[in-house]
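Below: the structure, in structure tokens.
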Amino acid sequence: MKPDLFESPDYYNIDDLLTEEHKLIRDAARAWVKRDVSPIIEQAAQDAKFPKSIIPGLAGIGAFGPYIPEEYGGAGLDQISYGLIMQEIERGDSGVRSTASVQSSLVMYPIWKYGNEEQRKKYLPKLASGEWMGSFGLTEPDHGSNPSGMTTNFKDMGDHYLLNGAKLWISNSPFCDVAVVWAKDEEGRIHGLVVERGMEGFSTPETHNKWSLRASATGELIFQDVKVPKENLLPNKSGLGAPLGCLDSARYGIAWGVIGAAMDCYDTALRYSKERVQFGRPIGGFQLQQKKLAEMITEITKAQLLCLRLGQLKNENKATSAQISMAKRNNVDMALKIARDARQMLGGMGITGEYPIMRHMMNLESVVTYEGTHDIHLLITGLDITGLNAFK
């Protein structure tokens, strides 16, 4: 295993805009990634297995619900801290960041925001510590970009709900202890239900043969006449806006996270360009290679500033869904382009597991699709600026 020599680019001295706490939190996450993720992640991706051994470490750096209040087991941090943690984790691997994102924004967030006090106290501390892992069930085999068309449903049976349906492309599902599942009641209203491992009729088959997010566990959530206790219904918000609120939080984390993947590809390509000699000199001395590197650092810097401002807005509860969509779309696209250019700079070595670039590139092909596709986010921005709905 090659040593992790990563050095974070900061071309505009953005560190000067962070608090000392922000930097301590980020540096702790960075050190953990170097120590516990980098040495094992290439083999985990080759083996297509999520390394469960890192779960306590993720909890230790505050990656599970960092903004959840301390009374429920969270770290009580601000939104910029959350973003910086996601950035550092995705610098290690998008699949590992996906695990943390789902736990934080798609499982803990709705229980915290939409649940009652009893639910918060029951689930959040164990999720924050990593004792329990969660998954989020919204996407279905026939309903992805149009979640309102979901067919998963539940019926009131008097003393419990009866849940039927299926969810697809679910991170963490093969090993989750709880799942926050979105389903329609008998009137067609969408609600969130907490489904627990062991409930009869609830199964979580794993999805195999992925070329992307290979170090992340992905699967299905299948419900066949699952009896869900009535106290497991999230009572404080219903309708499609409830799961979309969770996606806002997750998309915000993604916007930060992919900066980490882009920085890792850039740092790798920059170091390689100074070491690889062709035609009698390092390839970093050739104009075309400098063009690639200069464009990479420019786009990374723009993405950093975009996320920092968005984090400030989030801290003030002013960030809109459309603003979050813009950052998610822009930054994932940025990271994908940098990964592709960096791969070309490394030539044939760029496709090997000796370097992280090809793994990042394959991972980002999932990230550009999940939590809202590249094109859907474009239409969200279009709707916001024109007031005209292009989805119908």
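The values are calculated or read from the model by the stated rules, or taken from the named source; none is laboratory data. In this text, all values refer to a predicted model and were calculated from it rather than measured experimentally. Ideal geometry is used to build each Cβ from the backbone, glycine not excepted, and the neighbour counts take in all protein chains shown. To get the accessible areas, we keep the full protein, side chains included, count just its heavy atoms, and leave off ligands, DNA and RNA. Shrake-Rupley method; radii C 1.70, N 1.55, O 1.52, S 1.80 Å.
Name the residues in region 366-380 that are of a type in the set (A, V, I, L, M, F, W, C) and open to solvent by 30 Å² or more (accessible area, probe 1.4 Å), would you? If the condition is that a residue be of a type in the set (A, V, I, L, M, F, W, C) and open to solvent by 30 Å² or more (accessible area, probe 1.4 Å), then ILE376, LEU378, LEU379, ILE380 are the ones that fit.
Within region 241-257, identify whether any single residue is under 29 Å from ALA29 (Cβ atoms), in a helix (DSSP H, G or I), in contact (Cβ under 8 Å) with a residue 60 or more places away in the chain and among the hydroxyl-bearing types (Ser, Thr, Tyr), and answer yes or no. Yes; the residues of region 241-257 include at least one that is under 29 Å from ALA29 (Cβ atoms), in a helix (DSSP H, G or I), in contact (Cβ under 8 Å) with a residue 60 or more places away in the chain and among the hydroxyl-bearing types (Ser, Thr, Tyr).
Return the residue satisfying two criteria in turn: it lies in region 1-43 and is among the hydroxyl-bearing types (Ser, Thr, Tyr) and open to solvent by 50 Å² or more (accessible area, probe 1.4 Å), and of such residues it is farthest from THR301 (Cα to Cα).
Within region 1-43, the subset among the hydroxyl-bearing types (Ser, Thr, Tyr) is 8, 11-12, 19, 38.
In the following step, the residues that additionally are open to solvent by 50 Å² or more (accessible area, probe 1.4 Å) were identified as 11-12, 19.
Details: TYR11: 7, TYR12: 7, THR19: 18 Å.
Filtering region 1-43 for residues that are among the hydroxyl-bearing types (Ser, Thr, Tyr) and open to solvent by 50 Å² or more (accessible area, probe 1.4 Å), the one farthest from THR301 (Cα to Cα) comes out as THR19.
Here ALA242 qualifies as within 20 Å of the chain's Cα centre (by Cα), within 30 Å of ASN330 (Cβ to Cβ) and buried (at least 16 other Cβ atoms within 10 Å of the Cβ). Going by what's in this entry, would GLU206 be described as over 16 Å from LEU106 (Cα atoms), in contact (Cβ under 8 Å) with a residue 12 or more places away in the chain, open to solvent by 50 Å² or more (accessible area, probe 1.4 Å) and touching a strand residue (DSSP E or B) at 6+ places or on another chain (Cβ under 6 Å)? Yes.
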